1. Out of all the residues in the range 118-138, which are over 23 Å from the mean Cα position of the chain (by Cα) and either among the hydrophobic types (A, V, I, L, M, F, W, C) or buried (at least 17 other Cβ atoms within 10 Å of the Cβ) (or both)?
2. Say we look at the range 162-172 and pick out the residues that are over 17 Å from residue 124 (Cα atoms) and open to solvent by 60 Å² or more (accessible area, probe 1.4 Å); which of these is farthest from the chain's Cα centre (by Cα)?
3. Within the group 65, 95, 77, which residue is modelled with pLDDT under 90 and part of a helix (DSSP H, G or I)?
Amino acid sequence: MARPTDRTYADQGIPGRVKQSISRTTGQPVTLYYAEQAGIESDHPWVVVCETHQEQGSYPTLRQAEQHIPLGDWCAACMAAPKRTPTVIAYGLPANPHKGRRTSRFVRVHGERFLAFGKEVYDHLGNPDWIALQMKGNEVVLTATQEPEKQGQGIHKVKPSSHTGVVLTVKTFLADHQIANGKYIPVLKGKTVRFTPNRTTEEPAREDSHGA
């Protein structure tokens, strides 16, 4: 048998009213009452009322009543209505899809040996097995190409570096053109990729160096 309460409830000046909230399941306003003080006839002392449909349920303890407020399972009309779709509100700027992916978008130079570029750049080139490099002004141009008949023609083998990118071993090219390690924004045009070594988006990433 439920114990009587000595507390007087009168939320917003209404006798017996404990509180009102919105059911997260039904989206309807629900009010919790202490039946005796509110003058409500019920089997148990704690009553929850759907303000939209005026249906109610009663429970022997305050805790049980509070647990059923968000469920709305005592209101047949709410249960028969279409389920409420939660509204998700996003705050702030859109998430950066490249955040945390080290070579997903950018072209990078690792130390004095490796030229790495992300999956988006590689996809743009058509996922070739070989890539030719050349310098035009202050821009480096990458072009998809066929396997060279002879070595030393400025055409380099593509090697996977991770699930987000590939890498080329181009030590001589980098040294000859004095391209320092760093992170560069590529320009995708036609079947080529261009990047400007002196236009970095951050300080050179020393920890990325693979050594000489």
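The values are calculated or read from the model by the stated rules, or taken from the named source; none is laboratory data. In this text, all values refer to a predicted model and were calculated from it rather than measured experimentally. We place every Cβ from the backbone using ideal geometry, glycine too, and count neighbours over all the protein chains shown. Remember, those area values only see protein heavy atoms, side chains included, never the ligands or the DNA or RNA. Shrake-Rupley method; radii C 1.70, N 1.55, O 1.52, S 1.80 Å.
1. If the condition is that a residue be over 23 Å from the mean Cα position of the chain (by Cα) and either among the hydrophobic types (A, V, I, L, M, F, W, C) or buried (at least 17 other Cβ atoms within 10 Å of the Cβ) (or both), then 122, 124, 125, 128, 130, 131, 132, 133, 135 are the ones that fit.
2. Once the filter is applied, the top-ranked residue is 172.
3. 77
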